[in-house]
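As structure tokens, the structure follows; a few thoughts come after it.
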Amino acid sequence: MIIGAGPAGIAAAFEAKKAGLDHVVIERGLIGNTIYNYPVGLTVFSTTNELEFIEGDLKPAREKPTREELLSYYVRFVLDNELNIRTEEKVLSIEREGRPAKLQSLREEGFKVATDKGEYLAKNVLFAIGAMDHPRKLGVPGEDLPKVFDHFRETYPWVKKKALIVGGGNSAGEAALFLAQEGAETTLAIFRDDWENTDPKQGCIKYWVKQPLEDELKEHCLKLFFLGKVIGIREGEVELESESGDRVVLENDVVFVLIGSDADLTMLKNLGVETEQGKHGEVPVYDPETFETNVPGIYVAGHFTHQRHIKGAIDAAKTLVPLIAAKLRANASTEAQKRTATDL
Ligand SMILES: Cc1cc2nc3c(=O)[nH]c(=O)nc-3n(C[C@H](O)[C@H](O)[C@H](O)COP(=O)(O)OP(=O)(O)OC[C@H]3O[C@@H](n4cnc5c(N)ncnc54)[C@H](O)[C@@H]3O)c2cc1C
């Protein structure tokens with residue numbers, strides 16, 4: 001059972017098919033759902049070799065693919081390879097099953113997986129669920145107003161409108177750039193440390209986003225606000241506190257709060273999977289060689305682990321599925337030997 005059809009889940013399904021494993025991918029949204037939710041027309045920051053399942057397969061028009069080219073590649077890959085992916089079906093819960101009837105002959109524990117459309121029995125479960133479940137909140141009054149969004153989709157509804165972006169990473173930088181370039185009156189509210197950060201490992205704004213943002217600043221199409229904190233959001237305005245403690249009220253039509261998101265680890269924790277604090281939040285504890293957690297048969301790959309980018313997600317799946325196949329083959333042959341011994 002593979003949960004999630006992002007790059008990790010698709011790569012795992014491809015490997016499972018190659019290894020002849022009986023498998024299914026359950027995806028609550030669409031194939032490549034996280035990429036589908038990227039801003040329209042975005043050029044991704046990775047190069048093709050970091051995004052493709054087979055070397056040389058992804059052929060964008062320019063050096064790096066757009067959202068549309070990447071999504072089209074992932075969808076075509078699934079269709080051309082006839083991968084067994086069930087979309088618009090959500091995994092709701094997973095329970096350990098001590099030798100369920102259908103698995104009895106295998107003499108191993110398995111898992112009962114309940115979705116909103118049915119139930120499955122699985123010997124191994126790969127969580128490839130990404131980390132988009134819980135967008136982080138500011139926790140300020142007015143954050144639930146309809147003009148406040150936790151992800152940025154496209155510019156055109158906001159042309160000539162007063163837009164505020166709160167955030168310090170690449171997604172916030174890209175949204176500010178899209179909005180400023182296409183004629184929204186844009187303010188980026190950012191901590192000075194985030195604006196001045198140039199370390200890609202710390203999740204800084206990439207230089208090819210930062211450079212044009214600086215150009216927009218010079219041309220007065222973008223305003224930068226060095227943030228202390230957001231005080232509140234109201235119809236028609238926002239109240240901010242600057243890094244020096246001054247309060248300002250800005251006229252405002254739309255707010256994008258782009259400060260990251262966290263995975264939902266509830267199902268993993270309910271199974272007894274241990275977690276730890278990673279660089280960007282809570283992550284499951286797993287063996288970096290096998291990607292198996294402390295619960296035998298439960299594996300993790302992708303964005304909500306220590307490998308947050310697409311290359312790491314694909315590489316993890318490519319490593320762990322052959323290991324599962326080898327384990328299953330070894331178990332099957334031990335079982336066969338035991339049966340022969342009993343028969344004799
Ligand atoms: C705007 C933006 C640009 C980015 N650009 C890049 C880039 O250039 N390069 C790069 O390497 N990374 C980039 N990233 C990060 C990249 O998107 C992730 O690293 C990548 O999606 C991880 O793949 P994944 O398979 O682990 O998770 P995801 O792609 O998030 O896939 C997880 C899937 O699991 C599904 N799912 C979750 N829970 C359930 C459930 N209970 N039941 C069923 N299905 C479920 C989700 O719907 C989702 O489709 C970017 C991210 C954003 C937001």
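The values are calculated or read from the model by the stated rules, or taken from the named source; none is laboratory data. None of the values given here were measured: they were computed from a predicted structure. Cβ sites come from the backbone with ideal geometry, for glycine too, and all protein chains shown count toward neighbours. Keep in mind that these areas ignore ligands, DNA and RNA; they rest on the heavy atoms of the full protein, side chains included. Shrake-Rupley method; radii C 1.70, N 1.55, O 1.52, S 1.80 Å.
Yes/no matrix, rows are residues, columns are (1) within 16 Å of the ligand (Cβ to nearest atom); (2) closer than 30 Å to Asn294 by Cβ; (3) without any contact (Cβ under 8 Å) to a residue 60 or more places away in the chain:
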{"residue": "Pro200", "(1), (2), (3)": "yes, no, yes"}
{"residue": "Ile205", "(1), (2), (3)": "yes, no, yes"}
{"residue": "Val209", "(1), (2), (3)": "yes, no, yes"}
{"residue": "Glu216", "(1), (2), (3)": "no, no, yes"}
{"residue": "Glu237", "(1), (2), (3)": "no, no, yes"}
{"residue": "Asp246", "(1), (2), (3)": "no, no, yes"}
{"residue": "Val257", "(1), (2), (3)": "yes, no, no"}
{"residue": "Leu268", "(1), (2), (3)": "yes, yes, no"}
{"residue": "Val273", "(1), (2), (3)": "yes, yes, yes"}
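If you take the residues of region 176-189 that are of a type in the set (S, T, N, Q) and in a strand (DSSP E or B), which of them is nearest to Gly278 (Cα to Cα)?
Checking each candidate, the answer is Thr187.
Hey, can you tell me all the residues within region 282-314 that are open to solvent by 30 Å² or more (accessible area, probe 1.4 Å), without any contact (Cβ under 8 Å) to a residue 24 or more places away in the chain and within 13 Å of the ligand (Cβ to nearest atom)?
Gln307
Being modelled with pLDDT of 95 or more, open to solvent by 40 Å² or more (accessible area, probe 1.4 Å) and among the small types (Gly, Ala, Ser) narrows it down to one residue among Ala61, Ala5, Ala12; which is it?
Ala61
Taking the criterion of being modelled with pLDDT of 95 or more and more than 13 Å from the ligand (Cβ to nearest atom), would at least one residue in region 43-55 satisfy it?
For region 43-55, residues modelled with pLDDT of 95 or more and more than 13 Å from the ligand (Cβ to nearest atom): present.
For region 190-231, how many residues are in a strand (DSSP E or B) and farther than 18 Å from Thr155 by Cβ?
9
Identify all residues within region 315-344 that are open to solvent by 40 Å² or more (accessible area, probe 1.4 Å) and either within 16 Å of the ligand (Cβ to nearest atom) or under 20 Å from the mean Cα position of the chain (by Cα) (or both); write none if there are none.
If the condition is that a residue be open to solvent by 40 Å² or more (accessible area, probe 1.4 Å) and either within 16 Å of the ligand (Cβ to nearest atom) or under 20 Å from the mean Cα position of the chain (by Cα) (or both), then Asp315, Lys318, Thr319 are the ones that fit.
Please go through region 274-332 and give me each residue that is closer than 23 Å to Glu95 by Cα and among the polar types (S, T, N, Q), ordered by number.
Across region 274-332, the qualifying residues are Thr275, Thr290, Thr293, Asn294, Thr305, Asn331.
Condition first: closer than 24 Å to Arg234 by Cβ and either at pLDDT below 95 or within 13 Å of the ligand (Cβ to nearest atom) (or both). Now tell me which residues in region 137-157 satisfy that.
Scanning region 137-157 gives Asp150, His151, Phe152, Arg153, Thr155.
Taking the criterion of being touching a strand residue (DSSP E or B) at 6+ places or on another chain (Cβ under 8 Å) and surrounded by 15 or more Cβ atoms within 10 Å (Cβ to Cβ), would at least one residue in region 195-206 satisfy it?
yes
Considering only region 271-328, state which residues are under 22 Å from Gln202 (Cβ atoms) and assigned to a loop (DSSP other than H, G, I, E, B).
Passing the criteria: Lys279, His280, Pro288, Gly302, His303, Phe304, Thr305, His306, Gln307, Arg308, His309.
Residue check, Asp264 against (1) charged (D, E, K, R); (2) modelled with pLDDT of 95 or more; (3) assigned to a helix (DSSP H, G or I), all met but one. Which one?
(3)
Does Leu250 satisfy being aliphatic (A, V, I, L, M), surrounded by fewer than 20 Cβ atoms within 10 Å (Cβ to Cβ) and in contact (Cβ under 8 Å) with a residue 24 or more places away in the chain?
yes
Does region 16-39 hold any residues that are surrounded by fewer than 23 Cβ atoms within 10 Å (Cβ to Cβ) and away from the ligand (no atom under 11 Å from the Cβ), and which are they?
Lys17, Lys18, Ala19, Gly20, Leu21, Asp22, His23, Val24
Quick test of your reading of the structure: Glu82 fulfils all but one of (1) at positive phi; (2) crowded, with 17+ Cβ neighbours inside 10 Å. Name the failing condition by number.
(2)
Within region 56-102, work out how many residues are part of a loop (DSSP other than H, G, I, E, B), farther than 27 Å from Met267 by Cβ and within 15 Å of the ligand (Cβ to nearest atom).
Final tally of qualifying residues: 6.
Considering only residues that are of a type in the set (A, V, I, L, M), under 22 Å from Ala313 (Cα atoms) and open to solvent by 20 Å² or more (accessible area, probe 1.4 Å), which ones fall in region 85-98?
Result: Ile85, single match.
For residues that are away from the ligand (no atom under 11 Å from the Cβ) and part of a strand (DSSP E or B), scanning just region 111-133, find the one that is surrounded by the most Cβ atoms within 10 Å (Cβ to Cβ).
Val125
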